[in-house]
1. Restricting to the range 118-144, count the residues that are among the basic types (Lys, Arg), surrounded by 15 or more Cβ atoms within 10 Å (Cβ to Cβ) and under 14 Å from PRO162 (Cα atoms).
2. Taking the conditions exactly as written (surrounded by 13 or more Cβ atoms within 10 Å (Cβ to Cβ), over 27 Å from CYS131 (Cβ atoms) and among the polar types (S, T, N, Q)), does SER52 satisfy them or not?
3. What is the residue count in the range 115-165 for residues that are more than 14 Å from the chain's Cα centre (by Cα) and of a type in the set (Ser, Thr, Tyr)?
4. Taking the criterion of being closer than 26 Å to THR61 by Cβ, in contact (Cβ under 8 Å) with a residue 60 or more places away in the chain and not hydroxyl-bearing (Ser, Thr, Tyr), would at least one residue in the range 102-116 satisfy it?
5. How many residues, within the range 145-154, are surrounded by 15 or more Cβ atoms within 10 Å (Cβ to Cβ), in contact with a Lys or Arg (Cβ under 9 Å, 6 or more places away or on another chain) and farther than 23 Å from GLU184 by Cβ?
Amino acid sequence: MAGRDSPEPAGATLNFVAYLCRACRGLLVARDSRTVADSDGISADATVIDYSCVHCAARYTLWRIPHAQRRDGRVTTEWRERWSTPVDELRLRSPWVFVTNASAVEAELYRELGPAHILRNRPAHAVARRCDCDDVLFVSGLEAFVVHLTWRGKPEADPRWPSVEGYASLDEFVRLRMEPDCAEYGDE
Ligand SMILES: [Zn+2]
């Protein structure tokens, strides 16, 4: 069994979080981001990111504001985050990690879906993957789907492939899939 001594792959975004709409618990997806130049001459630029909820389309804005401090001749930057409206957070535990190439994974999903597949013609956002296999978590509306991609790059004739497990919500995915996976994987 893949135990505690399995190292995380380099570059795993363990501290990253996904954000959820507080009104409906839908996933927030970044639509636009821009930088705002610093004014004090030592800070990095601030970043402004616009998000919208994939379910209810509520809009949110996140400001990531650098706060630079000069100490002993060195400048260190601490980032402060401020939301236009409070959000909830989704944190993953091993072996689940956030995807860093969502658009490529979504493109592969659409290539694999045959005409009768349950996810055909549904917008799906790739959120996370298991670091030790080809299972990928997609969100469509409020529902969550774990898809075992085949990576054959073409439609599967059998609508049972790529195989799918459906969950009514991200919370249900966490309770019924991520937490048992985590216990089996041996995370803290
Ligand atoms: Zn929402």
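1. Matching residues across the range 118-144 total 0.
2. yes
3. Number satisfying all stated conditions: 2.
4. Looking through the range 102-116, none of the residues is closer than 26 Å to THR61 by Cβ, in contact (Cβ under 8 Å) with a residue 60 or more places away in the chain and not hydroxyl-bearing (Ser, Thr, Tyr).
5. 0
Here is a yes/no grid of residues against (1) in contact with a strand residue (DSSP E or B) (Cβ under 7 Å, 6 or more places away or on another chain); (2) within 16 Å of the ligand (Cβ to nearest atom); (3) in a strand (DSSP E or B); (4) farther than 30 Å from GLU156 by Cα:
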position	(1), (2), (3), (4)
VAL48	yes, no, yes, yes
LEU62	yes, yes, yes, yes
GLU78	yes, no, yes, yes
THR85	yes, yes, no, yes
GLU89	yes, yes, yes, yes
ARG93	no, no, no, yes
ALA104	no, no, no, no
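Each reported figure results from applying straightforward, stated rules to the coordinates on display, with no laboratory input. Here the structure is a predicted model, which is why all the values come from computation and not from measurement. Here the Cβ is made from the backbone with ideal geometry for all residues, glycine too, and neighbour counts use every protein chain on show.
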